[in-house]
Amino acid sequence: MTDPDHKLSLSRQAGLLGISRGSLYYEPRPTSEADLKLMRRIDELHMEYPFAGSRMMKDLLRQEGFAAGRLRVATCMRTMGIEALYRRPNTSKPAPGHKIYPYLLRKMAITRPNQVWAMDITYIPMARGFVYLVAVLDWFSRKVLAWRLSVTLETGPCLEALNEAVRRFGKPGIMNSDQGSQFTSIDFITTLKDADIQISMDGKGAWRDNVFVERLWRSIKYEEVYLHAYDSVSAARAGLVRYLTFYNKRRPHSSLDGQTPDQAYHIKPKPILVAA
């Protein structure tokens, strides 16, 4: 991500990436067993109660015997890359050099494949650690076009997934994402603009703006991830390959009149109206 030999100073490079210079010298420590157990349960509760912030999450956890305080819960949620999902005034400021784009999909009729794609990142728990999953989803068909696993929340895997999806399936008219630093980064935005793809971003904390990706995460976690305690990144990757092949090719969707995402993507069924 950074290059000490580059003509730009490390401070300037860190500023463009939206990170502190101190983080360049941080050596990560292994996550404790107790924190992994806590984070796994936070992830499950977040799927059930996406509106729960750190205060409510702390109380939900205490009902189950977890003694974690609010600060510890908030730290775990930040590490996992999750937050309470509800609409509120957007008072946050983007990282230096990062622009926030408006949401373009409200009341838009989604009538064909590749009209709108969406991208997002989610936390994937394992037996002794965790990874992050980024996916590119076609809104019309719900087909997962490309995905990547990563041990960090960085822009690189997002660009790899985007480039693979474009290489294999062409390009969308609009790419929708949240306001995460990965999707507002200069490299990601430049890639979209160079490909002449319109940029749409969810409102801050507004899960309904990207509801199809939220439904995808729920399906992946309840039908695959929570059923297996992956003991390695390779095991997680193999499990997700298996599940996402099933999801695209065999899993019927009631919202697609019982068709699979692959069938909807290639056969082009009746238009689906979206009112987000």
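Laboratory data are not the source of any read-out in this text; all were calculated from the coordinates shown. None of the values given here were measured: they were computed from a predicted structure. Cβ coordinates were reconstructed from backbone atoms using ideal geometry, including for glycine residues, and neighbour counts include every protein chain displayed.
Some notes on this structure:
- Relative contact order for the range 104-176: 32 percent, from Cα pairs under 8 Å spaced at least 6 residues apart, divided by residue count.
- Solution diffusion estimate, µm²/s, Stokes-Einstein, the range 138-250, Kirkwood Rh from C-alpha pairs, 10 °C, viscosity 1.306 mPa s: 104
- Rounded to whole numbers, the Karplus 3J(HN,Hα) couplings from phi for the range 122-137 are 9, 8, 10, x, 10, 4, 9, x, 7, 9, 10, 10, 10, 9, 10, 10 Hz, using 6.51 cos²θ - 1.76 cosθ + 1.60 with θ = phi - 60°, and x at Gly and Pro.
- Ordered by the number of other Cβ atoms lying within 10 Å of each residue's own Cβ, fewest first, His228, His253 fall into the sequence His228, His253.
- On the principal axes of its alpha-carbon atoms, the range 28-80 has extents of 30, 20, 18 Å, going from largest to smallest.
- Within straight-line cross-link reach of Lys107, aspartates and glutamates at Cα separation under 12 Å, skipping those fewer than 8 residues along the same chain: Asp209
- In this structure, Lys249 and Met56 have a Cβ-Cβ separation that, at R0 = 35 Å, corresponds to a calculated FRET efficiency of about 0.35.
- Across Lys37/Lys193; Lys58/Lys221; Lys58/Lys249; Lys143/Lys193; Lys58/Lys171, pairs whose alpha-carbon gap is larger than 32 Å: Lys37/Lys193; Lys58/Lys249; Lys58/Lys171
- FRET efficiency for Ala235 and Thr31, using Cβ-Cβ distance with R0 set to 22 Å, rounded to 0.05: 0.80
- Relative contact order of the range 28-80, pairs being alpha-carbon contacts under 8 Å that are 6 or more residues apart, as %: 37
- Percent of Cα pairs exceeding the 25 Å cut-off, where the set is the range 62-196: 34
- A convex hull fitted to the Cα coordinates of the range 140-198 yields 90 cubic angstrom per residue.
- Cβ crowding within 10 Å ranks Val211, Val73 as Val211, Val73, fewest other Cβ atoms first.
- Ascending count of other beta-carbon atoms within 10 Å, so fewest first, for Val233, Val144, Val151, Val134: Val151, Val233, Val144, Val134
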